[in-house]
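J.: Structure provided below as C-alpha cells; questions to follow.
The values are calculated or read from the model by the stated rules, or taken from the named source; none is laboratory data. Bear in mind the structure is a predicted one, so any value in this text is a computation, not a measurement. Don't worry about glycine lacking a Cβ; one is built from the backbone with ideal geometry, like all the others, and counts go over all protein chains shown. Please note that ligands, DNA and RNA were not included when accessible areas were found on the heavy atoms of the full protein model with its side chains. Shrake-Rupley method; radii C 1.70, N 1.55, O 1.52, S 1.80 Å.
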Amino acid sequence: MQLLNKADIDKIFSMKEAVEAVKEAFALYSQGKAENPLRTNIYAKKYEGNLLFMPTYAEGAGYASLKIINIYPENMMKGIPTSFAQVILIDAKSGDIIAMLDGTYVTQLRTGAASGVCFDVLGRKDAKIGALIGTGGQAQTQLEAMLAVRDMDIVKVHDLSIERTEAFVKMMKERLNGYGTEIVAAASADEAVEEADLLITVTPSKKPVFDASKCKAGLTVSCVGAYQPDMQEMDPKILTRADKIFFDSKDAVLEESGDILIPMADGTITENDFTGEIGQVICGELTGREHDEEIIVFETVGIGMQDLVTAKTIYEKAIAAGIGTAWK
C-alpha cells in the first residue's frame, strides 16, 4: 500500500489537474457509470460534529474508494482544522487496498476543483471580478480553482471576522502570487458580491450570507458549504433570478442541501426550476451558458466519485514518479 501525504501530492498534482479529474468524475456520475451511494452521516451531537463515510465504485476505471471525513465547524473558533479525512483507494480487480491518501487535502483539492469546473463550464469567458465568502479550511483551494480557470483581475474576500479575512488575504497573496490576481479583503458581503462575475460561498452558515439583489446579471454562483438540510448560505432570491440551476448530484443535493431544500419547502422553487447536473453539460446532454447575461447557480454537496477519480489520478502519477511511502 502506498501512503501519500500532502507534500507528496503537491509534488505531482496541480489544481488544473484536479479540475480535469473532477470533470471526469462528474461526467462518469451523470452517465450512470459509477456506484455512488449517498454518504452515511453520523451526527456527534455533543460535539456538533459530523462523521461521514463515502464509498464509491467505478467499474470502468477499475477502482473503488472509501473516504472517511469528519467535519467539526466549531473547530474554527479553536484555531484547528474543521475537517479530518483519509481516502482509501482500492484495486477493484483484486480488492487490494493499494493506497491511503491525505483525505483532508484530497477533499480540499476536489471540492475546490468542483467550483473550478463550475466556472470553467458555466462561467463567462471574460470573467474578471470574483468574490469569495468564507475563509475556513476549504477556502484556499476554492480561491485557487477560480484563478486556475479564469484570468481574474481581482477577487474580494469576506468573512464574519475581519481579522480572519485579513489574515487569509495576506496568506493567499503569498501562495497565489503567480496568478497575478489582486486579492483584497471586503468589509461586507455586499461589497464582495457587487460587480462579481464569479461568486463562491463556502461557509457553515444556517442563514444566507449574501444579498441576491446586489448580484449583477451574468453572475455564476458556486455554493459549497450547505451540506446539511439546516444549512443555508444561498439567498433563495438568487434562485428566482437564475436562468439555470445545476447540481453535482441531484439526488445528493435533494437529500442534504438546505440551500435547495429550504426554498423548496416554502415554495420559492420547485423541481421544475432545476436544469440538471453539471456532468450532463460536460457530456453534451445539456446546454450550459448561452449568453453573457444569464445568472447560473451551481449547488455542490460533494460526491464520492470526485474522491475516487482525484485519488486514482494522484496515485497513478505517484507510482510513475516514485513518490510516496510503501507500507507493507
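J.: Considering only segment 70-109, state which residues are in contact with a Gly (Cβ under 9 Å, 6 or more places away or on another chain) and of a type in the set (Ser, Thr, Tyr).
T.: Tyr72, Thr82, Ser83, Thr104, Thr107
J.: Hey, can you tell me all the residues within segment 228-277 that are within 16 Å of Ser205 (Cβ to Cβ), touching a Leu at 6+ places or on another chain (Cβ under 9 Å) and hydrophobic (A, V, I, L, M, F, W, C)?
T.: Across segment 228-277, the qualifying residues are Ile238, Ile260, Leu261.
J.: If you don't mind, another one. Can you find, within segment 271-280, the residue that is most open to solvent (accessible area, probe 1.4 Å) among those that are over 18 Å from Pro208 (Cβ atoms) and part of a helix (DSSP H, G or I)?
T.: Step one: filter segment 271-280 for residues over 18 Å from Pro208 (Cβ atoms), giving 271-272, 274-280.
From what's left, part of a helix (DSSP H, G or I): 271-272, 278-280.
Values: Glu271: 89, Asn272: 142, Ile278: 0, Gly279: 0, Gln280: 47 Å².
Per the criteria, the residue is Asn272.
J.: Of the residues in segment 132-166, how many are open to solvent by 50 Å² or more (accessible area, probe 1.4 Å), among the hydrophobic types (A, V, I, L, M, F, W, C) and either within 15 Å of Met15 (Cβ to Cβ) or in contact (Cβ under 8 Å) with a residue 12 or more places away in the chain (or both)?
T.: Residues that pass the stated criteria total 1.
J.: Sticking with this one: For segment 305-326, state whether one or more residues are under 30 Å from Pro37 (Cα atoms) and free of Cβ contacts under 8 Å to residues at least 60 places away in the same chain.
T.: So far as segment 305-326 goes, yes, one or more of its residues are under 30 Å from Pro37 (Cα atoms) and free of Cβ contacts under 8 Å to residues at least 60 places away in the same chain.
J.: Considering each of Pro37, Pro81 in turn, give the residue that is farther than 18 Å from Glu316 by Cβ and in contact with a helix residue (DSSP H, G or I) (Cβ under 7 Å, 6 or more places away or on another chain). So that I can check it myself, show each step before the final result.
T.: Working: Pro37 fails: in contact with a helix residue (DSSP H, G or I) (Cβ under 7 Å, 6 or more places away or on another chain).
When all the criteria are applied, what remains is Pro81.
J.: Kindly state which strands (runs of 3 or more DSSP E) lie completely within segment 175-266 and contain at least 2 residues that are open to solvent by less than 20 Å² (accessible area, probe 1.4 Å) and under 30 Å from Asp10 (Cα atoms).
T.: On the way: elements: 182-185, 198-201, 220-223, 244-247.
Per the criteria, 198-201, 220-223.
J.: OK, next. Just one of (1) outside any helix (DSSP H, G or I); (2) modelled with pLDDT of 95 or more; (3) not basic (Lys, Arg) trips up Met146, so point out which.
T.: For Met146, the exception is condition (1).
J.: Check Ala127, Ala113, Ala189 and return the single one that is at pLDDT 95 or above and under 30 Å from Lys67 (Cα atoms).
T.: On the way: Ala127 fails: under 30 Å from Lys67 (Cα atoms); Ala189 fails: under 30 Å from Lys67 (Cα atoms).
Answer to the selection: Ala113.
Here is a yes/no grid of residues against (1) under 20 Å from Ile68 (Cβ atoms); (2) open to solvent by 50 Å² or more (accessible area, probe 1.4 Å); (3) not in a loop (DSSP other than H, G, I, E, B):
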site	(1), (2), (3)
Ile269	no, no, no
Arg289	no, no, no
Met305	yes, no, yes
Leu308	yes, no, yes
Lys317	no, yes, yes
